[in-house]
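Below is one structure, written out as structure tokens, with a few remarks after it.
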Ligand code: SAM
């Protein structure tokens, strides 16, 4: 196989030959350090038994490493200017397929059914476009794919929110949405200098491993979601004040009785509540017809 693209000189030569200019608005920061790419593959624990969805292949730096280790790779790339480059850099990787789509508009269930045989373990591995890290994570979680894990590079601040525990200022609705269905481990952090061009934030590789059962049994995930987002709507306010805004002043008595049933102090703040606390409160609120 020809040289890997993940080297500064090779990447720069490809970009120059194709007259390609990075679009900052698309989060285009390409990795040129093969040691980091190898560490991502190791963190994802990839084997030939795995099928991989990659988001944002760029010029294929990570895709080449994924295709070396996995059974099949499908990479979703929004920028059609990259297609001729990817044709070239992935020419020797017949198990890698590029799909020219916006990940947020892709029906991921249909994509999986179309491209994979269902006999391999499904993983997401990606160096995400940072401007839409949270929407991508939520889109992946909501797609309810038969996913084993996601190993994704993101800005360090978001990684901290994903693994935050109750009582910390990073803890919020994103921590809860993710931890409900996945266990979170930060594999390693990456300096901004590993990218071309260097982004203005530091990065971390996080592995989210799907739980066999959600951390709390929810009968109505949409109601739970609404409660969590409403409880965190104004972080400086007490839980009580946020719940009154969420359910309306006319429902004060019902809110108070649900808090009592769930044994939760109305004067506390949402950031103090565990996922189990939120699940209990959600059940009590619904029992009170809210
Ligand atoms: N994987 C490459 C690497 O590691 O060098 C590139 C990663 S770069 C941080 C993010 C990539 O995501 C870019 O190629 C960008 O064009 C692509 N991208 C941005 N928004 C996207 C979207 N909505 N759907 C799919 N790809 C997107």
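Working from Cα positions, state the angle (0 to 90°, nearest 10) between the long axis of helix 8-17 and the longest principal axis of the chain.
Once rounded, the angle reads 80 degrees.
With label points built 7 Å along Cα→Cβ from the Cα atoms of residue 198 and residue 138, find their separation and express it in nm.
For the pair residue 198/residue 138, the computed spacing is 3.3 nm.
Starting from the Cα gyration tensor of the range 64-138, take the square roots of the eigenvalues, sort them a ≥ b ≥ c, and report rounded, prolate or oblate (rounded when a/c is under 1.5, otherwise prolate if a/b is larger than b/c, else oblate).
On the way: a/c = 1.58, a/b = 1.09, b/c = 1.45.
Taking the square roots of the gyration eigenvalues as a ≥ b ≥ c, the range 64-138 is oblate.
In deg cm²/dmol, rounded to 500, what helix-only [θ] at 222 nm does the chain give when every DSSP H run of at least 4 residues adds -39500 (n - 2.57) and the total is split over its residues?
Numbers: 12 runs with 115 residues, N = 290.
After summing the helix terms and dividing by the residues of the chain, the value is -11500 deg cm²/dmol.
First measure r as the distance between the Cβ atoms of residue 16 and residue 83, then evaluate 1/(1 + (r/R0)^6) with R0 = 22 Å and state the FRET efficiency to the nearest 0.05.
Step by step, r from the Cβ atoms, then E = 0.80.
Which of 247, 188 has the fewest other C-beta atoms within 10 Å, and how do the rest follow up to the most?
Details: 247 19, 188 14.
Least to most surrounded, the residues fall as 188, 247.
Calculate the tail of P(r) for the chain: the fraction of all Cα-Cα distances greater than 23 Å, expressed in %.
Numbers: 24116 of 41905 pairs.
Everything past 23 Å amounts to 58 percent.
How far apart, in nm, are the 7 Å Cα→Cβ label points at residue 114 and residue 39?
Reported label-point gap for residue 114 and residue 39 is 3.5 nm.
Return the Rg/Rh value of the range 193-272, two decimal places, where both radii are evaluated on C-alpha atoms and Rh is the Kirkwood radius.
1.17
Just to confirm the number: angle between the C-alpha axis of helix 34-44 and the first principal axis of the chain, 0 to 90 degrees, nearest 10?
On a 0 to 90 degree scale, this one is about 40.
Per-residue counts of other Cβ atoms within 10 Å, averaged by peptide: what ranking do you get for 97-103, 49-55, highest first? Mind showing how you got there, number by number?
Working: 97-103: 16.0, 49-55: 22.6.
So the peptides 97-103, 49-55, ranked by packing, come out 49-55, 97-103.
Indicate the gyration tensor shape class of the range 7-159 (rounded, prolate or oblate), computed on the Cα atoms with a ≥ b ≥ c the square roots of the eigenvalues: a/c under 1.5 is rounded; otherwise a/b larger than b/c is prolate and the rest oblate.
Working: a/c = 1.45, a/b = 1.28, b/c = 1.13.
Taking the square roots of the gyration eigenvalues as a ≥ b ≥ c, the range 7-159 is rounded.
Take every Cα pair under 8 Å in the chain that's 6+ residues apart, average their separations, divide by the length, and report that relative contact order as a whole percent.
On the way: 479 pairs, mean separation 41.7, N = 290.
Across the chain, relative contact order equals 14 percent.
For 93, 131, 171, which order do you get if you count the other beta carbons within 10 Å of each Cβ and list the fewest first? Before the final figure, lay out each step's value.
Working: 93 17, 131 13, 171 22.
Going from sparsest to densest Cβ surroundings: 131, 93, 171.
Treat each spin label as a single point 7 Å out from the Cα along the C-beta direction, and report the residue 168 to residue 3 distance in nm.
In this crude spin-label approximation the distance works out to 4.1 nm.
Every read-out reported here was derived from the displayed coordinates using simple, explicitly stated rules and does not represent laboratory data. Computed from a prediction, not measured in an experiment: that's the story for all the values here. Every residue, glycine among them, receives a Cβ derived from its backbone with ideal geometry; neighbour counts consider all protein chains shown.
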